[in-house]
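Please read the structure below before turning to the comments.
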Amino acid sequence: MAEADKVKTSAAVYRSGQEIECWLTDMDGVLVHENQAVPGAAELIQRWVDTSKRFLVLTNNSIFTPRDLAARLRTSGLEIPEENIWTSALATAQFLKDQVSAGGPDSGNRAYTIGEAGLTTALHEAGFILTDQNPDFVVLGETRTYSFEAITMAIRLILAGARFIATNPDATGPSKEGPMPATGAIAALITKATGREPYIVGKPNPMMFRSAMNQIDAHSETTAMIGDRMDTDIIAGMEAGLHTVLVLSGITQRDDIASYPFRPNQVLDSVADLKNQI
């Protein structure tokens, strides 16, 4: 990028930052990369805290509770309060709670889940009974130990009438040995067996962003989304009516942008370019 373009971009960030009251940001590729804090991320978070900015760190990962994630981020050098973390599990629990409320008090609050503590804790706290006996919902989340028995049970319950919900569409997840099947891949298996498509709450569904904004009393016209993926963070932010900031510290690189039919409002090398502009 030419030096003049860099200056122009920085100025645009400053003007936009002055108008933004609330911030949503992705976690992996934006704040952390391979369990290490991205340069400038700690300073950005601290500035938000010091200036009482309303913000949430978003993740499609439904395995961990916000407390677990706050502890993991701390080891990466980021101090993020657990109340500032919003997961696809929390968004899913809130969505289902709203669905139950729409159907009347104390109705439809039974769920069969495939997932780990992040999902089961969120559903418990939302008032759900976790059971394999006549559940109203089958909720599929992330786990490192998908079992054939659990998947078979989910298929049978969906065929019996339970509504099929998935926390996120990610087909694979990372591991030390390489990619491993994730929620989207297992959802496809269940869909093939049942003919039922799940309702997916997590990114790129803007539903996740709207639930996050509700948590911090944010409004779309004064909220920004920082992400590293055009196909999840940026498109969902755009569809939710947010100011979108793409950082090039994760998945999407500058040459990739042209292949998409939409554009972010801003493109920055990393959050280090943003931390002094807010």
| request: Quick one, could you list the DSSP H helices from the chain stretching 20 Å or more along their long axis (Cα atoms) with average Kyte-Doolittle hydropathy of -0.5 or above? | output: 88-102
| said: Taking the beta-carbon count within 10 Å as an exposure proxy, list ILE234, ILE45, ILE151, ILE186 from fewest neighbours to most. | reply: ILE151, ILE186, ILE45, ILE234
| Within the P(r) computed for the range 92-200, what percentage of the Cα pairs occupies the region above 23 Å? | 23
| Can you put MET230, MET180 in order, fewest other beta carbons within 10 Å first? | MET180, MET230
| task | For the range 204-252 and the range 28-87, write down the distance between their C-alpha centroids in whole Å. | result | 16
| remark: Footprinting proxy, THR87, THR120: sorted fewest to most Cβ within 10 Å, the residues are THR120, THR87
| So what is the relative contact order of the range 92-200, in percent, for Cα pairs below 8 Å that sit 6 or more residues apart? | 22
| Once the Cα gyration tensor of the range 195-278 is diagonalised, what are the square roots of 5 times its eigenvalues, in whole Å and ordered largest first, as equivalent ellipsoid semi-axes? | 22, 18, 10
| task | Evaluate the relative contact order of the chain (contact order divided by residue number), counting alpha-carbon pairs under 8 angstrom at least 6 apart; express in whole percent. | result | 22
| task | Treating the Cα atoms of the chain as identical point scatterers in vacuum, please give the log10 of the normalised Debye intensity I(q)/I(0) at q = 0.15 Å⁻¹, two decimals. | result | -1.11
| task | Would you kindly work out the equivalent ellipsoid of the range 32-160 from its C-alpha gyration tensor and give its semi-axes, the square roots of five times the eigenvalues, largest first in whole Å? | result | 33, 18, 9
| request: Assign one of three labels to the range 81-142, namely rounded, prolate or oblate, based on the Cα gyration tensor with a ≥ b ≥ c the square roots of its eigenvalues; rounded applies when a/c is under 1.5, prolate when it is not and a/b is larger than b/c, and oblate otherwise. | output: oblate
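Since every read-out is calculated from the coordinates, none of them should be taken as a lab result. Here the structure is a predicted model, which is why all the values come from computation and not from measurement. When we count neighbours, we look across all protein chains shown, and the Cβ atoms used for this are built from the backbone with ideal geometry, even at glycine.
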